[in-house]
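Right, one structure below, let's go through it.
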Amino acid sequence: MPLIRTKDGVDLHYEEAGQGRPLVFVHEFAGDASSWEPQMRFFARRFRCVAFNARGYPPSSVPGAYSQELARDDLIAVIEGLDLAPAHVVGLSMGAFATLHLGLRSPHLARSLTVAGVGYGAQPEARERFRAELDATVALLRAEGVGAFAARYAAGPSRLVFRDKDPRGYAEFAANLATHSAEGSAGTMLGVQRERPSLYDLAAGFRRLTLPTMLVAGDEDEASLDATLWLKRTIPTSGLAVFPRAGHTLNLEEPELFNRTLLDFLTAVDGGAWMPRAAPPEAGIIA
């Protein structure tokens, strides 16, 4: 089983396929490396693709320490350990936060950033409500077990459009979630998601970001829409794609659209055709 060991002794399981420029996939809270299978199959025809399980997601280690900084450093460990730099990095939700933090902390390791479904809990005014929701969710997880937790979590409002349009794909997603480690899920939710800084507090860093960045959101994913639009206005090298009638699990819910959007972006970046915007939004419009 292929593993990368981090500086603090955590083993991260990874999967690899294809040859070419490195392309790293970073999964969401409710996923793992297998969640990127539609992308691994498609992009391994053109890229060296790597997907890994975050700490707390077996067969990766289930340690005691979790934080946004550690999630970022684990991504760094994968890129450096497999000699992937500079890599195209693609993250969904929790993985998108790690992707953004990589861009702020170690931009030399990335060739581009793709940030999908990001923003849950990012609004400063919603911080305490967000933390309370996570505390209640962890209490459910610990009291009733991962099976009961997975059934409720998979039925969240931003997932239901996936269920309605692709019942088979949704059932596979929900079944996989129910196999996760209860201890790892609780630690991740409390250490990474609950304590991560608000994206809005990182505005100065985003304004200085020069990496090509693709932002992707589903129009049924209310938790990510405002933050994603704010990032579009803040990151000078960003582009925005909004998928119609799509929820949070974008890469599984709309795999063909996701793959085509990502391929067009990567092709533009590798061809030198992805440029910063000509002027900031506040510069006004001259008729």
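The values are calculated or read from the model by the stated rules, or taken from the named source; none is laboratory data. What you see is a predicted model; the values in this text were computed from it and never measured. For neighbour counting, all protein chains shown are included, and Cβ atoms are generated from backbone atoms with ideal geometry for every residue, glycine included.
Taking residue 48 as the residue in question, decide whether it is modelled with pLDDT of 95 or more, more than 22 Å from residue 137 (Cα to Cα), out of contact with any helix residue (DSSP H, G or I) (no Cβ under 7 Å at 6 or more places or on another chain) and surrounded by fewer than 24 Cβ atoms within 10 Å (Cβ to Cβ). Answer is yes for this residue.
When we screen 104, 70, 100 for residues that are at pLDDT 95 or above, assigned to a helix (DSSP H, G or I) and under 22 Å from residue 182 (Cα atoms), the only hit is 70. Would you pick out the residues in segment 160-186 that are surrounded by fewer than 20 Cβ atoms within 10 Å (Cβ to Cβ) and not hydrophobic (A, V, I, L, M, F, W, C)? 163, 164, 165, 166, 167, 168, 169, 172, 176, 179, 181, 183 - these are the residues of segment 160-186 that are surrounded by fewer than 20 Cβ atoms within 10 Å (Cβ to Cβ) and not hydrophobic (A, V, I, L, M, F, W, C).
Of the residues in segment 56-76, at least one is farther than 29 Å from residue 245 by Cα and among the β-branched types (Val, Ile, Thr). If the condition is being hydrophobic (A, V, I, L, M, F, W, C), in a helix (DSSP H, G or I) and in contact (Cβ under 8 Å) with a residue 40 or more places away in the chain, then segment 36-67 contributes 36, 42, 43.
If the condition is being among the polar types (S, T, N, Q) and in a loop (DSSP other than H, G, I, E, B), then segment 121-155 contributes only 123. Here is the figure for segment 230-258: residues that are more than 20 Å from residue 155 (Cα to Cα), hydroxyl-bearing (Ser, Thr, Tyr) and outside any helix (DSSP H, G or I) total 2.
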